[in-house]
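Novice: After the C-alpha coordinates below, expect a handful of questions from me.
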Amino acid sequence: MFIPSVGPGYIDTSIRPWNNHNTRNRVNGKYYETALQAALTVRPEIVSLTSFNEWHEGTQIEKAMPKKTATRLYLDYLPHQPDLYLILTRKWAEHFNKEKEQWLM
(Lines give C-alpha, C1' and ligand atoms only; values in the text may rest on other atoms or scores of the structure.)
Protein backbone atom coordinates (compact mmCIF):
# COMPACT_ATOMS: atom_id res chain seq x y z
CA MET A 1 0.00 0.00 0.00
CA PHE A 2 1.30 3.45 -0.92
CA ILE A 3 0.39 6.29 1.44
CA PRO A 4 1.26 9.75 0.11
CA SER A 5 2.36 12.22 2.76
CA VAL A 6 1.77 15.95 2.45
CA GLY A 7 3.21 18.87 4.42
CA PRO A 8 2.29 22.55 4.56
CA GLY A 9 5.85 23.74 4.02
CA TYR A 10 9.18 23.64 5.81
CA ILE A 11 11.67 26.20 7.05
CA ASP A 12 14.10 25.43 9.84
CA THR A 13 16.77 28.05 9.17
CA SER A 14 16.19 29.74 12.54
CA ILE A 15 17.74 26.67 14.20
CA ARG A 16 19.73 25.24 11.25
CA PRO A 17 20.99 28.27 9.28
CA TRP A 18 22.91 26.03 6.86
CA ASN A 19 19.76 24.12 5.82
CA ASN A 20 18.07 26.64 3.52
CA HIS A 21 18.21 24.21 0.57
CA ASN A 22 15.47 22.17 2.29
CA THR A 23 13.11 25.13 2.71
CA ARG A 24 9.68 24.64 1.15
CA ASN A 25 7.86 27.96 0.90
CA ARG A 26 4.16 27.77 1.78
CA VAL A 27 3.20 30.29 -0.93
CA ASN A 28 0.07 31.29 1.04
CA GLY A 29 -1.25 27.71 1.07
CA LYS A 30 -0.54 26.89 -2.59
CA TYR A 31 2.30 24.49 -1.75
CA TYR A 32 -0.01 22.54 0.58
CA GLU A 33 -2.93 22.50 -1.87
CA THR A 34 -0.72 21.45 -4.79
CA ALA A 35 0.68 18.58 -2.73
CA LEU A 36 -2.80 17.49 -1.62
CA GLN A 37 -4.08 17.58 -5.18
CA ALA A 38 -1.09 15.51 -6.36
CA ALA A 39 -1.67 12.99 -3.56
CA LEU A 40 -5.24 12.40 -4.71
CA THR A 41 -4.16 11.60 -8.28
CA VAL A 42 -2.96 8.16 -7.14
CA ARG A 43 -6.35 7.36 -5.57
CA PRO A 44 -4.90 6.48 -2.17
CA GLU A 45 -6.76 4.76 0.63
CA ILE A 46 -5.12 7.15 3.10
CA VAL A 47 -3.30 10.49 2.90
CA SER A 48 -0.81 11.31 5.65
CA LEU A 49 -0.16 14.87 6.84
CA THR A 50 3.42 15.58 7.87
CA SER A 51 2.82 18.27 10.44
CA PHE A 52 3.57 18.91 14.06
CA ASN A 53 3.60 21.96 16.26
CA GLU A 54 7.28 22.48 15.42
CA TRP A 55 7.09 26.23 14.93
CA HIS A 56 10.86 26.42 14.51
CA GLU A 57 10.54 24.09 11.49
CA GLY A 58 7.44 25.70 10.02
CA THR A 59 5.43 22.48 9.77
CA GLN A 60 2.49 23.53 11.92
CA ILE A 61 -1.06 23.77 10.57
CA GLU A 62 -2.78 25.02 13.73
CA LYS A 63 -3.82 28.64 14.19
CA ALA A 64 -0.96 31.11 13.82
CA MET A 65 -0.89 34.64 15.15
CA PRO A 66 1.95 37.09 14.45
CA LYS A 67 4.56 36.79 17.21
CA LYS A 68 8.09 38.04 17.65
CA THR A 69 10.49 37.46 20.53
CA ALA A 70 13.94 38.91 21.10
CA THR A 71 15.50 36.03 19.16
CA ARG A 72 12.82 34.73 16.80
CA LEU A 73 10.07 35.79 14.43
CA TYR A 74 7.37 33.14 14.28
CA LEU A 75 5.77 32.79 10.88
CA ASP A 76 2.05 33.42 10.58
CA TYR A 77 -0.40 33.11 7.69
CA LEU A 78 -0.97 36.79 6.95
CA PRO A 79 -2.62 38.14 4.85
CA HIS A 80 -4.92 35.16 5.52
CA GLN A 81 -6.78 34.36 8.72
CA PRO A 82 -5.02 32.49 11.56
CA ASP A 83 -6.78 29.18 10.83
CA LEU A 84 -5.99 29.07 7.09
CA TYR A 85 -4.38 25.62 7.22
CA LEU A 86 -7.17 24.12 9.29
CA ILE A 87 -9.65 25.42 6.70
CA LEU A 88 -7.57 24.01 3.83
CA THR A 89 -7.21 20.67 5.61
CA ARG A 90 -10.97 20.40 6.13
CA LYS A 91 -11.65 21.38 2.51
CA TRP A 92 -9.27 18.75 1.15
CA ALA A 93 -10.44 16.06 3.60
CA GLU A 94 -14.01 16.60 2.39
CA HIS A 95 -12.82 16.53 -1.23
CA PHE A 96 -10.86 13.32 -0.57
CA ASN A 97 -13.90 11.63 0.99
CA LYS A 98 -16.12 12.55 -1.98
CA GLU A 99 -13.50 11.37 -4.48
CA LYS A 100 -12.95 8.13 -2.58
CA GLU A 101 -16.69 7.36 -2.65
CA GLN A 102 -16.61 7.65 -6.45
CA TRP A 103 -13.50 5.47 -6.75
CA LEU A 104 -15.25 2.70 -4.85
CA MET A 105 -18.35 2.70 -7.06
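The values are calculated or read from the model by the stated rules, or taken from the named source; none is laboratory data. Nothing here was measured: the structure is a model prediction, and the numbers come from that model. In this analysis, Cβ positions are derived from the backbone assuming ideal geometry, glycine residues included, and neighbour counts consider all displayed protein chains.
Novice: Among the residues of the range 6-26, is there at least one that is of a type in the set (A, V, I, L, M) and touching a Pro at 6+ places or on another chain (Cβ under 6 Å)?
Specialist: The initial filter retains those residues of the range 6-26 that are of a type in the set (A, V, I, L, M), namely 6, 11, 15.
With the extra rule that they be touching a Pro at 6+ places or on another chain (Cβ under 6 Å), the set shrinks to none.
Checked the range 6-26: no residue is of a type in the set (A, V, I, L, M) and touching a Pro at 6+ places or on another chain (Cβ under 6 Å).
Novice: Look at the range 1-42 and say how many of its residues are surrounded by fewer than 13 Cβ atoms within 10 Å (Cβ to Cβ) and out of contact with any strand residue (DSSP E or B) (no Cβ under 7 Å at 6 or more places or on another chain).
Specialist: Number of matching residues: 16.
Novice: Considering only residues that are in a loop (DSSP other than H, G, I, E, B), closer than 25 Å to S14 by Cβ and not hydrophobic (A, V, I, L, M, F, W, C), which ones fall in the range 25-58?
Specialist: Going through the range 25-58, the residues in a loop (DSSP other than H, G, I, E, B) turn out to be 25-26, 41-47, 50-58.
The next check asks that each one be closer than 25 Å to S14 by Cβ; those that pass are 25-26, 50-58.
Within the range 25-58, N25, R26, T50, S51, N53, E54, H56, E57, G58 meet the criteria.
Novice: Suppose the filter is surrounded by fewer than 12 Cβ atoms within 10 Å (Cβ to Cβ) and modelled with pLDDT of 90 or more; does P79 pass it? Spell out how you get there, then give the answer.
Specialist: Numbers: surrounded by fewer than 12 Cβ atoms within 10 Å (Cβ to Cβ): yes; modelled with pLDDT of 90 or more: yes.
Criteria met by P79.
Novice: Select from the range 49-68 the residues that are among the small types (G, A, S) and either surrounded by fewer than 11 Cβ atoms within 10 Å (Cβ to Cβ) or closer than 30 Å to F2 by Cβ (or both) and list them in ascending order. Spell out the reasoning first.
Specialist: Of the residues in the range 49-68, the ones among the small types (G, A, S) are 51, 58, 64.
Correct list: S51, G58.
Novice: Separate question: Looking at I61, I15, can you tell me which residue is in contact with a His (Cβ under 7 Å, 6 or more places away or on another chain), part of a loop (DSSP other than H, G, I, E, B) and among the hydrophobic types (A, V, I, L, M, F, W, C)? It would help to see each step written out before you state the result.
Specialist: On the way: I61 fails: in contact with a His (Cβ under 7 Å, 6 or more places away or on another chain).
Among I61, I15, only I15 is in contact with a His (Cβ under 7 Å, 6 or more places away or on another chain), part of a loop (DSSP other than H, G, I, E, B) and among the hydrophobic types (A, V, I, L, M, F, W, C).
Novice: Just the residues that are at pLDDT 90 or above and aromatic (F, W, Y), please, taken from the range 82-105.
Specialist: Residues satisfying the conditions are Y85, W92, F96.
Novice: Then there is this: I'm trying to understand the selection: among the residues of the range 29-50, which are without any contact (Cβ under 8 Å) to a residue 40 or more places away in the chain and in contact with a Pro (Cβ under 6 Å, 6 or more places away or on another chain)?
Specialist: A39
Novice: Moving on to the next point. Any idea how many residues of the range 82-98 are surrounded by 13 or more Cβ atoms within 10 Å (Cβ to Cβ) and acidic (D, E)?
Specialist: Total satisfying the criteria: 1.
Novice: Scan the range 1-18 for residues that are touching a residue at least 24 places away in the same chain (Cβ under 8 Å) and either of a type in the set (D, E) or farther than 23 Å from F96 by Cβ (or both) and jot them down. Don't jump to the end; show me each part of the working.
Specialist: We begin by selecting, within the range 1-18, every residue touching a residue at least 24 places away in the same chain (Cβ under 8 Å); these are 1-12, 14-15.
Hits for the range 1-18 are I11, D12, S14, I15.
Novice: All but one of (1) free of Cβ contacts under 8 Å to residues at least 12 places away in the same chain; (2) over 23 Å from P4 (Cα atoms) hold for H21, so report the exception by its number.
Specialist: (2)
Novice: Taking the condition surrounded by fewer than 11 Cβ atoms within 10 Å (Cβ to Cβ), within 24 Å of F2 (Cα to Cα) and more than 10 Å from the chain's Cα centre (by Cα), does T71 pass? Break it down stepwise before answering.
Specialist: Numbers: surrounded by fewer than 11 Cβ atoms within 10 Å (Cβ to Cβ): yes; within 24 Å of F2 (Cα to Cα): no; more than 10 Å from the chain's Cα centre (by Cα): yes.
In short, no.
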